[in-house]
Amino acid sequence: MLYRFKWLFLPFFVLLLSSHAVGSINANFLSSSMPVNLAPAGDYLIDPEGELSISQIRGADSRLPWQKQAEEVPNFGFSDVTVWARYYINPEDNRFSQGLIEIGYPLLDHVEVYLFFDGLEIKKYEFGDEHPFSKRPVKHRNFIVPVSLFENNKYELYIKVKTTSSLQFPVALWDQTSFWESDATSSMFSALYLGAMAVMVLYNFALFMYLRERAYIYYVSLVIGTIGFQTGIDGYAYQLFFPNLPLLQSKIVSVSITFQMVSAILFAKHFLSIATSKASLLHMVNLMFALSVLLFCFAIFLPYASVIQTISVAAALMCMIWLVAGIYEWSQGNRSAKLFVLAWTSMVVGVVILSLNKNGILPRLFVTENAMVIGTLGQVVLFSLALASRINQERDEKAKATKEALVANQRAVENLSKYQTLYEESLEGMFKCNQRGEFIHANPAMARMLGFESVKELMKSRFTFKEDLFADHDQLTMLFKQLRDTGSSSEFDAELFDRNRDYFWGALSLRMVDNDEGQRKYFEGTLRDITERREKEKAQMEKQAAFEATQAKSFFLANMSHEIRTPLTAIIGFAESIQEGGLSKSEEAGYIGTIIRSSQHLLHVINEILDLSKIEANKLDVEILKLDLFAIVKEAQSCCEMKAREKGLDFNIVYEFPLPRHIYSDQTRLKQVLLNLTSNALKFTEQGSITITVFRKPETEQIGFRVQDTGIGMTKDQQAKVFEAFTQADSSTTRLHGGTGLGLSIAKQLAEVMGGDITLTSELDKGSTFEVLVSHGDLSNVDWVSDISQAGVQQEDANAPVAIPRLQGEILYAEDNTDNQDLVSMLIKPTGASLKIVQNGAEAMAEALKHQYDLVLMDIQMPMMSGTTATRLLRENGYKNPIIAITANLMDYEIKEYLSVGCNGYLAKPVNKNRFYEVLSLYLKVAQESQLKEVSKTSSPQRQQYRGTVLVADDVEDNCTLFASKLAKYGVDCVTVEDGSRAVEEALVGDFDLVLMDLNMPRMNGDEATSLLRNSGFMEPIVALTAEDDSQTIQLLLSNGFDGHLVKPLSEEKLNTVLDRYLLPAEISPSGSAKETENEIATDPDFQVLIDNYVAGLGGYVEKLNSAHDDNQWEELKGLAHQLKGSGGSFGFNEISATAKELEAALKENNIAVVPEKFLALIHEIGAVCNQSIDDSIKGLG
Amino acid sequence: MSKPRHVLIVDDVSDMRSLLKTTLYKFDVHDIHEASSGQKALDTYYEHGHDMVFLDINLPDISGLEVLQKLLERNSRVHVVMVSGEASADNVKGALGRGAKGFVVKPYSPNKIKSALDRFGA
């Protein structure tokens, strides 16, 4: 592209560079005007090799291709050849007797001048830019040779020129006077020019120093470049600045011009703000700039010609660009751009005029000759003006901006002070931190929160956000992760430290702050102290947790209570039925079966509770003994297989052989766990199978049992809870499937104690698999079983009927509980041993010391003196015979205590028959058949009969029925209601002698009902039916208006006591009590009058009733019924009240269908009363 | 045990008033006024300032409970026994909650009246 336009620019600049001659030569040789241009008269020879010598040139004259040159100034362009010029000079006068030959082009590297007169060499000079300036015969920027040419003499002048710059040599002949005159003029002009330039440089440099505006230094550079170039090509530089450094002279032009180019680009670029406003141009300008800088750097090394040629093209291009860009700026209203354009125009015009002059189009005048110099001078001046204008412009803009900034600043300050107050006085902490977490800003609240006296103190301290603030480093990590991900984080609650490392809770809101370069250098935010709120929440949560724990315990207790009472109810109920007698044999057997089953279940429940409490108290010990693995499995199998088959389930046992026959573990506990899991599986499986897999896990030395069922399975939630005590997987399940909900919790903990665990996998509706692992101990001395045939086990038959031993001896039994007394005597009687029963420890001690018994059975918990104390005292008194503790208190430490005080052994309550007889046999002699005694029968006691009506309030229907039947046996009438509010109503309406009030009832509980009754004036005794009988509960009951309490399950004896206290015996007729008063009043003549009046008024009621009924005036009828209900009974006519009440009720319920019937009944009753009255009157009359 | 000196009987049925009056006579209470409606009851009370009131709940004009409230507003220490044919626990609770000192259910035996008298001052 550039190359294509080369022809366009090249001549233009070649011209610019080549055609600069100070001296000019007239065409008319030897004309009178000075100087005489020798060029047209010259012949020129190109010596490409440059090897020809002057003698060869002269000698071989005819053979050499001398040529004429058409131009006024011979020009050979950039060529690397040597050029010879030959002039024949023949002066017509003596003008040149003191003459000068001037070669008016100072850039020639090597010049040789030869002058011949009459074939003789009279002058020879050798000089040029390659030679030191001092060697020149005349110290002038051009090459000057002094000659003395006389009239009519023939001279030959040879000039040899060789140079790397463009090769041209204007040669002129001067007389010395004219030359120096002319030279003085041009020197003065040059001096003026240089002076002006220097002034521009100095002035603008000063401006730069003052204003620090880069445009000035670019401008200064540009001017310096121009000076360098101009003085370089004019030769002044060599003459004046470095006459002895020819090397510098050879490079000054190319260095200057490239420097000038670089400066011009920088200047223009800056001036026109190319970088910011003309992005499209920037690319090209930058390219040019890079090229110029490159050229500048290598100007010394590159050949002169190529530097100049390249710069010429670039300069032309740049010049165009600046003009276009400047004109564009100008059109945009930039005043300084006008001057910029003019400056470039000035230079371009200078160049154009000069070139036109050189081409002879313009006349050769001083102005046209020096157009270039004038152009550049104009350019420099105009640039300077442009700069000044621009600076002014900028200053105006700056002033304007400053003013605006001032206004904005003022406004900002106002805002700031507003926010400053907010910031300073905010209750929330506000802060800014750097990336390291050091505080950069903080407000007083922030400092305060962190325990600092002032913000200053915080800033001075080494307390950082990242190192010191967070109590929990994880929270910090979390916060910053959030911050990194989203750039902000709000209301992040964290536990924090202040400077004293005191905890507080804070809510942090943070955001990242970017700096100007978009880097995240800071974060800022707010901090709020939420300790108070947190603590409230915490307290709330603790309260909630405590509440939940209490709830769970209450639920557990309620459930336990239920679990214990349920079997007890059956036990007591059926036992009593049997006691009553009159049952068939099969009925009785069935009842007994139920009693035993229920008792066993009860025992099981209690054992589980005990286990649990032991586990909870960390008191559970395991007894690791050698035990038969297969026997254990067999036992679980025998226990469950039948039940499984009954339910239609498959029951499988899979052994993964080889298995050890014996393992070391706790037999009882292991069995318990296994049974629990199997019975659990059984409970929840309705179809399919139950499989027990026995396996060994050698790597952990454990034996495992996998109990797999195809039952209802569990949800994930249920699975999570299934091993938790107190919290049941689902309480409704417990209701449905029975059990305490503790079994699995216990089993798991047992397994853990035995060095293992229970794990569960389950899927809802698919079934569950429980896997229990327990450590099997050292197996080095046990047999191994490798198939099922070897796995046979002998099994004890637990269900075999107990053989009663025949015994001989005397037994003392200390026991306060009559039931237990009865039980033990019942057990001992068939053995034939004799039995003495005492009520407490003290009696036992006295009895035993009086008479040596063969065996003492000692209850532990007894009034007066406990069994342990009695035993200890007996032993201390030298009592030697065996003493057996018989007790329900079976905690390990308790058993240890019994043995330590001197018991020989212990029997657990409830008494296991087998074990009982076993112990007896151990300590007593086995008797002969003949020694057995007859057993006498005891007769059942006669039951006391009472008078009165009892109100029983209990929500359990069975209990009501039970009470009714029991009370009936005492001859007592009984009304039962199912809740507290009914009890209130009934008690107020009816006439009761005693109320038995259950405490836990729906709608209204016993407490509230009693309190209501007491407040409304109910005076009869109210006895609470309770489950607890601790003194605190009783105290509370009494203060609430109860007269006494009965503990459930109901004991016959206690009931009897209560009845005895509050009711009259049947044989005693009522007297002296409230009933008496009543009778008295009823027969009082005053009342008789009232009654008579009332009866007389009843006729009126009948009329009113009839009319209301006939007219369907239901409200009226209801009102009447209500009145009669209230009054009838009050006057002694209870039937009227009763029927009126029924009618009122029917009307209230809108049960119109039965109204006529009730209505008639009431009318009938009233009629009956009236008739009776009439009869009585008649009798009275009679 | 103290006895009430001035008693007010409030019931719209005259027979019932007579019966109660006679019963009270029997228990040695003689200074008795009667009122057959709520308004009359209040008027009488304001005039005489009784120390005990037997107050029927079902009155023709104002509800007995409202009368109770007004009586107590006048004198918070007056001993009011509510008398009603409705013995539902809610009814009882309502009356006692408003400050009645007793609750007698119709039909009543003299015994119940005695109980109520016995509790006077309690």
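The numbers here are math on the coordinates, done by the rules we state, and not lab data. Owing to the predicted nature of the structure, the values given are computational and were not obtained by experimental measurement. Glycine gets a Cβ as well: all are built from the backbone with ideal geometry, and neighbour counts include every protein chain shown.
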inquiry  = Projecting each Cα onto the charge dipole of chain A (Lys/Arg +1, Asp/Glu -1 at the beta carbon, about the Cα centre), which of A:Thr685, A:Gln519, A:Met197 comes out farthest on the positive side?
reply    = A:Met197
ask   = Got a sec? How would A:Met478, A:Met34 order by Cβ neighbour count within 10 Å, fewest to most?
value = A:Met478, A:Met34
Rough spin-label spacing in nm, given labels placed 7 Å along Cα→Cβ, for A:Ser55 and A:Thr961 = 16.6 nm
Exceeding the 24 Å Cα-Cα cut-off - candidates B:Lys21/B:Lys93; A:Lys553/A:Lys721; A:Lys538/A:Lys614; A:Lys721/A:Lys1048; A:Lys466/A:Lys543 = B:Lys21/B:Lys93; A:Lys538/A:Lys614; A:Lys721/A:Lys1048; A:Lys466/A:Lys543
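Which percent, to the nearest 5, of DSSP beta bridges fully inside the protein assembly as shown are antiparallel?
On the way: 103 of 162 bridges.
So the antiparallel bridges amount to about 65 percent of the total.
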Separation in nanometres of the label points that stand 7 Å from Cα toward Cβ, at A:Tyr503 and A:Ser417 = 4.6 nm
note = Computed about the Cα centre, the charge dipole of chain A from +1 Lys/Arg and -1 Asp/Glu charges at the Cβ has a magnitude in debye, to the nearest 20, of 7960 debye
request  = Would you mind checking the stretch A:204-248 for residues with the amide N under 15 Å from a putative spin-label position 7 Å along Cα→C-beta of A:Leu294?
outcome  = none
Loop sites in the stretch A:1126-1182: GluC sites (Glu not before Pro), DSSP, at most 15 other Cβ within 10 Å = A:Glu1149
Whole-Å distance, taken between Cα centres, linking the stretch A:856-871 and the stretch A:164-217 = 140 Å
request  = Among A:Trp174, A:Asn1106, A:Ala885, flag the residue with its Cα farthest along the positive direction of the charge dipole of the protein assembly as shown, charges on Cβ as +1 for Lys/Arg and -1 for Asp/Glu.
outcome  = A:Trp174
note = Summing +1 per Lys or Arg and -1 per Asp or Glu among the other residues with Cβ less than 15 Å from B:Asp61's Cβ gives -3
request  = Work out, step by step, the length gained on full extension between A:Arg63 and A:Ser306: first 0.36 nm times the residue separation, then minus their alpha carbon distance; give nm to one decimal.
outcome  = 84.0 nm
key: Order of A:Tyr88, A:Tyr304 under a 10 Å beta carbon neighbour criterion, fewest first   = A:Tyr88, A:Tyr304
inquiry  = Contact order normalised by length for chain A, with contacts defined as Cα pairs under 8 Å and 6 or more residues apart; what percent is it?
reply    = 4 percent
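Would you compute, from DSSP H runs of 4+ residues alone, the mean residue ellipticity of chain A at 222 nm, taking -39500 (n - 2.57) per run and dividing by the full residue count, rounded to the nearest 500? Before the final figure, lay out the partial values.
On the way: 36 runs with 604 residues, N = 1182.
Using -39500 (n - 2.57) per qualifying helix, the result is -17000 deg cm²/dmol.
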ask   = Roughly how tilted is helix A:913-923, in degrees to the nearest 10 and between 0 and 90, from the longest Cα axis of chain A?
value = 70 degrees
ask   = Could you give the length gained on full extension between A:Ile440 and A:Phe480, defined as 0.36 nm per residue of separation minus the Cα-Cα distance, in nm?
value = 12.6 nm
task = For each of A:Met372, A:Met1019, count neighbouring Cβ atoms within 10 Å of the residue's Cβ, then give the residues from fewest to most.
result = A:Met1019, A:Met372
